[in-house]
Amino acid sequence: DAKTTQPPSMDCAEGRAANLPCNHSTISGNEYVYWYRQIHSQGPQYIIHGLKNNETNEMASLIITEDRKSSTLILPHATLRDTAVYYCIVDQTGANNLFFGTGTRLTVIP
Amino acid sequence: KAGVTQTPRYLIKTRGQQVTLSCSPISGHRSVSWYQQTPGQGLQFLFEYFSETQRNKGNFPGRFSGRQFSNSRSEMNVSTLELGDSALYLCASSLGSGETQYFGPGTRLLVL
């Protein structure tokens with residue numbers, strides 16, 4: 001069952017920041033927000049995850065609202081190689097059965 | 001550290017046959033999950049193994065089965081193949097429950 005809502009598609013100019021939103025209004029207190037991306041026909045690639053606080057790594061930043069009902073994945077300087085489908089997933093803690101949903105297809109435009 | 005590997009990468013079978021796919025997890029990872037991806041249904045969870053035991057199972061018929069060996073390598077088997085089984089089969093490994101899953105490149109199965 002879908003626990004997240006994402007826009008089906010987004011465009012972003014190369015070099016600009018890509019901000020991908022995700023709504024997860026029914027998230028439980030112990031559930032993490034995970035982001036993966038899938039470049040055409042490859043296995044999903046882990047990007048980042050968080051519980052309450054904002055997180056940053058070498059790939060992206062994750063901003064989670066204070067009420068935890070939504071989050072935004074930020075790719076600070078999008079490149080053509082960032083064109084992919086991005087999945088926001090609320091993890092059922094302890095159960096390694098991720099529900100991927102339909103994701104957001106991000107197209108980075110030259 | 002080497003990533004998750006899957007073999008074979010591509011496979012063509014005919015209806016009624018059976019197929020076995022293999023997954024080698026990241027070293028030290030004890031949990032292996034399998035997923036099926038089709039254009040119509042997207043990415044769907046098949047099952048998860050941890051320490052040679054199946055812990056979770058998705059909503060797939062009994063033709064889909066799996067196992068895990070003592071070295072954490074896993075295999076999945078599909079018997080009596082149907083055209084609708086054509087898909088990308090993905091394996092993901094993690095350290096354990098609730099830990100980040102890392103995916104392999106997948107095995108693309110075509111059933112004719």
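Below are the figures for this structure:
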{"item": "Filtered residues of segment B:8-29 (kept if open to solvent by 80 Å² or more (accessible area, probe 1.4 Å) and either under 14 Å from the mean Cα position of the chain (by Cα) or at pLDDT below 95 (or both))", "result": "B:9, B:10"}
{"item": "Test: residue in segment A:28-51 that is modelled with pLDDT of 95 or more and over 30 Å from residue B:10 (Cα atoms)", "result": "no"}
{"item": "Sole residue being touching a residue at least 60 places away in the same chain (Cβ under 8 Å) and more than 9 Å from chain A (Cβ to nearest Cβ), chosen from B:93, B:97, B:65, B:72", "result": "B:93"}
{"item": "Residues of segment A:65-106 that turn out to be over 12 Å from residue A:32 (Cβ atoms), open to solvent by less than 40 Å² (accessible area, probe 1.4 Å), within 14 Å of chain B (Cβ to nearest Cβ) and outside any loop (DSSP other than H, G, I, E, B), as a count", "result": "5"}
{"item": "Top-ranked residue in segment B:26-50 [being at the interface with chain A (Cβ under 9 Å from one of its Cβ atoms) and among the polar types (S, T, N, Q); ranked as nearest to residue A:99 (Cα to Cα)]", "result": "B:44"}
{"item": "Residue ID - surrounded by the fewest Cβ atoms within 10 Å (Cβ to Cβ), chosen from residues in segment B:100-112 that are touching a Lys or Arg at 6+ places or on another chain (Cβ under 9 Å) and within 7 Å of another protein chain (Cβ to nearest Cβ)", "result": "B:105"}
{"item": "Residue A:6 vs. criteria within 14 Å of chain B (Cβ to nearest Cβ) and crowded, with 18+ Cβ neighbours inside 10 Å", "result": "yes"}
{"item": "Qualifying residue in segment A:9-24 (condition: under 30 Å from residue B:54 (Cα atoms), modelled with pLDDT under 95 and not hydroxyl-bearing (Ser, Thr, Tyr))", "result": "yes"}
{"item": "Members of segment A:5-24 that are acidic (Asp, Glu) and not in a loop (DSSP other than H, G, I, E, B)", "result": "A:11"}
{"item": "Matching entry among B:55, B:67 (being modelled with pLDDT under 95, charged (D, E, K, R), surrounded by fewer than 18 Cβ atoms within 10 Å (Cβ to Cβ) and part of a strand (DSSP E or B))", "result": "B:55"}
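Residue-wise test of (1) assigned to a loop (DSSP other than H, G, I, E, B); (2) of a type in the set (D, E, K, R).
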residue	(1), (2)
A:26	yes, no
A:37	no, yes
A:41	yes, no
A:46	no, no
A:49	no, no
A:63	no, no
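The values are calculated or read from the model by the stated rules, or taken from the named source; none is laboratory data. These numbers come from a predicted model, not from an experiment. Cβ: placed from backbone, ideal geometry, glycine included. Neighbour counts: every protein chain shown. With ligands, DNA and RNA removed, areas are computed over all heavy atoms of the protein, side chains included. Shrake-Rupley method; radii C 1.70, N 1.55, O 1.52, S 1.80 Å.
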